[in-house]
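> Okay, here's the structure, questions in a sec.
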Amino acid sequence: MRLSLPALLRALLRARRGIAAVEFALLAPLLILLALGIADLGMLIHERVQLSQVLTAGAQYAFRQGQSESGSTLTADVKSFVDTLSPVTLSSLSTSYNGGLESDSCYCVQGSSPVYTGPLTCGATCTDASGSTAGKFMAITAAISPTPLFSMNAYFMPDTLSATVTVRLK
């Protein structure tokens, strides 16, 4: 039985065998790209959490040691502690004591990007509206360079993740 060309085309258009395989072949690359993007996003979030945990541990260490150590010794100790503790490779790590003033005096901190005013007597009331008292502070800043699992995601991921934590020592 020989079919004419129009009859053969009609038969092919009515046939439903293999449609699922064709649909899967069309959608599989998109699903794979989506899965790889989600995996990279998960890794990015994981690295951000690790960075946050390392800085929190560094702040706790600074708080405990800050009661007895001077500023210059403390900054070196905290830097060494954080660098040793970090499960990820830090692309940068810095510590500053009293906003980089590096003196053992007490200061008042104002604003979200801290402005240090002073030096003042430790425990003196600050002149801003907060009513806080002067103290000693340490800021720890660290950054990592995340590496994507899938090279195409490098265009969408940040080059660095950075975080800063400021802790009052006294």
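> Please enumerate the residues belonging to the stretch 1-54 that are open to solvent by 50 Å² or more (accessible area, probe 1.4 Å), of a type in the set (Gly, Ala, Ser) and either within 30 Å of residue 160 (Cβ to Cβ) or in contact with a strand residue (DSSP E or B) (Cβ under 8 Å, 6 or more places away or on another chain) (or both).
Once the filter is applied, which keeps residues that are open to solvent by 50 Å² or more (accessible area, probe 1.4 Å), of a type in the set (Gly, Ala, Ser) and either within 30 Å of residue 160 (Cβ to Cβ) or in contact with a strand residue (DSSP E or B) (Cβ under 8 Å, 6 or more places away or on another chain) (or both), the stretch 1-54 yields 35, 52.
> Mind listing just one residue for me: the one in the stretch 137-170 that is over 13 Å from residue 40 (Cα atoms) and in contact with an Asp or Glu (Cβ under 7 Å, 6 or more places away or on another chain) and, of those, most open to solvent (accessible area, probe 1.4 Å)? Spell out the reasoning first.
As a first pass, look at the stretch 137-170 and keep what is over 13 Å from residue 40 (Cα atoms): 137-145, 159-170.
Pick out the ones that are also in contact with an Asp or Glu (Cβ under 7 Å, 6 or more places away or on another chain) and you get 144-145, 161.
Numbers: 144: 3, 145: 64, 161: 25 Å².
Of everything passing the filter in the stretch 137-170, 145 is most open to solvent (accessible area, probe 1.4 Å).
> Which one of 68, 72, 94 is over 19 Å from the mean Cα position of the chain (by Cα), outside any loop (DSSP other than H, G, I, E, B) and either hydrophobic (A, V, I, L, M, F, W, C) or modelled with pLDDT under 85 (or both)?
Working: 68 fails: outside any loop (DSSP other than H, G, I, E, B); 94 fails: over 19 Å from the mean Cα position of the chain (by Cα).
When all the criteria are applied, what remains is 72.
> Right, something else. Looking at the stretch 119-147, which of its residues are closer than 28 Å to residue 92 by Cβ, assigned to a loop (DSSP other than H, G, I, E, B) and touching a Ser or Thr at 6+ places or on another chain (Cβ under 6 Å)?
Selection gives 145 alone.
> Here's another thing I want to ask about it. Going through the stretch 75-86 one residue at a time, which ones are modelled with pLDDT under 80 and buried (at least 19 other Cβ atoms within 10 Å of the Cβ)?
75, 86
> Going by the conditions given, is residue 57 over 30 Å from residue 138 (Cα atoms) and either modelled with pLDDT under 80 or open to solvent by less than 100 Å² (accessible area, probe 1.4 Å) (or both)?
Answer is no for this residue.
The values are calculated or read from the model by the stated rules, or taken from the named source; none is laboratory data. As the structure is a prediction and not an experimental result, all values here were calculated from the model. When we count neighbours, we look across all protein chains shown, and the Cβ atoms used for this are built from the backbone with ideal geometry, even at glycine. Ligands, DNA and RNA are excluded from the accessible area calculation, which covers all protein heavy atoms including side chains. Shrake-Rupley method; radii C 1.70, N 1.55, O 1.52, S 1.80 Å.
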